[in-house]
Amino acid sequence: MLVGGFVLSSVALNLALMTVLLASAPPQPGQKSGSLNESISSPQADALVAAHTQIQNGKWGEAERTLRSYLTTHQNSGDAHFLLGYVLFEQIHSAASLQGRTDPSLRQSNAKAALAEFTEGAKYRPARAFELKIVAMCDVLLGDYADADTWLTKSVGLNPQDAEGWYYLGRAKYNEQKFDEATRAFMQCLRLDPGNVKAEDNMGLAYAALERYDEAVAAYHTAIGWQTDSLMKDSGPYIDLGNLLLEQNRASEAIPYLKQGVTISPQESRAHAALGKAYFKTDSLPEARGELEKAVQLAPDNASLHYVLGQVYRKLGLPDKAKLEFDRTAQLNGSHSSPVNDLRSASPHN
C-alpha cells in the first residue's frame with residue numbers, strides 16, 4: 001500500500017497481526033501461570049482470529065463489524081481497538097484500489113477514526129512497534145509529519161531491526177525538511193536491507209535537498225543499477241535523476257532517464273510532467289505538448305501543469321488553447337494574477 005511515498009508491506013502486516021493474535025490466545029496446556037496469555041479469555045481470541053481471517057481475505061467491512069460487535073461487550077480490549085484502527089486505515093487503500101483514486105473525505109474520516117481507536121487501545125495496553133507505524137501512517141494521511149516522526153521514532157526504538165520502519169522515518173524526516181536526519185534514517189534502512197531501491201532513491205532526494213549533488217546523482221545511479229536485471233522496476237530514481245538534471249539545466253541529459261520513467265510508470269503524472277518540461281527546454285515542442293497534455297489528464301487539479309502547458313501552446317502559436325490553460329491555472333490558484341514563470345513548479349514534489 002502506498003501512502004504519500006510510504007509503502008506498507010503485507011509481510012510486515014501478517015507478522016504484526018500474528019503477534020497480536022499470539023498475545024491474545026488462551027493459555028495452552030502446560031503453559032506457566034502469570035504469562036500475558038493467561039489474562040486473555042478464549043472468546044476474545046476467537047473474535048480476533050475471526051477478524052484476522054476476514055482481514056486476510058480483504059473483507060474489511062466484515063472485519064470492522066466483527067470488531068465493533070466484540071467491543072460492545074469488551075470495551076477494554078486493547079487488541080480489538082488496535083485491530084479496528086488498522087481495519088479503518090486499510091479501508092482507505094481498499095476504496096482507492098476499487099475506485100482508482102483516493103476519496104479525500106474517506107481518507108480524512110477513516111484516518112481520524114483509526115487514530116481514535118489506537119488512542120483508546122493504548123489505555124489498555126502499550127502499542128507495539130507495527131501498531132505505532134500504522135498510527136504514523138494515519139498522521140501522514142492527515143499531513144502531520146511531525147507526529148508521524150514521533151511515532152516512527154518510537155516504533156524503531158521498540159524494533160530497531162525494522163528496515164521498513166527506518167525507511168518510513170526517513171520519509172517523515174524528509175517531509176519535515178530535516179534532511180540530515182533523513183539521510184541517517186535511510187542509511188540505517190540500507191544497513192538492514194541492502195539493495196532497497198526506494199531507500200537509495202530517497203537518499204538521493206535528501207542529498208539533493210542538502211545540495212550535495214554529486215552524492216545525489218551517485219545514489220540515483222546506484223538505485224538504477226540495482227534494477228538492471230529486475231522485471232519490475234521502480235521509476236523513482238529515473239524520474240528523480242531526470243528532475244535533478246533539469247534543475248541543473250541539463251535537459252538533454254535528463255530526457256533518456258525521464259523516458260525510461262514514463263515507460264515504467266505511464267500513469268504517473270510527474271513522469272510525463274518532467275519529460276514534458278525537458279522537451280520544452282530543448283524546444284521539442286510537439287513532444288512537450290504530448291507529454292504535458294498527458295500529465296494534465298492524469299493530474300487535472302495541478303495548476304502548475306496547466307501553466308506550463310499554456311506556455312507550450314503559446315510557443316506553438318495556439319493562443320486560444322494557451323488562454324484556456326492560463327485561465328485554468330488562475331482558477332485553481334484562486335487568483336487571476338499571472339503565474340510566475342518557473343518551470344520547476346510544474347513538477348509535483350515526490
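Laboratory data are not the source of any read-out in this text; all were calculated from the coordinates shown. Predicted model only: the values in this text are computed from it and were never measured. Ideal geometry is used to build each Cβ from the backbone, glycine not excepted, and the neighbour counts take in all protein chains shown.
Which residues, taken from the stretch 289-326, are among the aliphatic types (A, V, I, L, M) and within 28 Å of the chain's Cα centre (by Cα)?
Taking the stretch 289-326 and keeping what is among the aliphatic types (A, V, I, L, M), we get 292, 295-296, 298-299, 303, 305, 308-309, 312, 316, 318, 322, 324.
If the condition is that a residue be among the aliphatic types (A, V, I, L, M) and within 28 Å of the chain's Cα centre (by Cα), then LEU292, ALA295, VAL296, LEU298, ALA299, ALA303, LEU305, VAL308, LEU309 are the ones that fit.
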Taking LEU152, is it free of Cβ contacts under 8 Å to residues at least 60 places away in the same chain and in contact with a helix residue (DSSP H, G or I) (Cβ under 6 Å, 6 or more places away or on another chain)?
yes
Test ILE134 against the criterion of being closer than 27 Å to THR183 by Cβ and either of a type in the set (A, V, I, L, M) or in a loop (DSSP other than H, G, I, E, B) (or both), and give yes or no.
yes
Out of (1) in contact with a Phe, Trp or Tyr (Cβ under 8 Å, 6 or more places away or on another chain); (2) within 22 Å of ASP79 (Cα to Cα); (3) outside any loop (DSSP other than H, G, I, E, B), the odd one out for ALA113 is which?
(1)
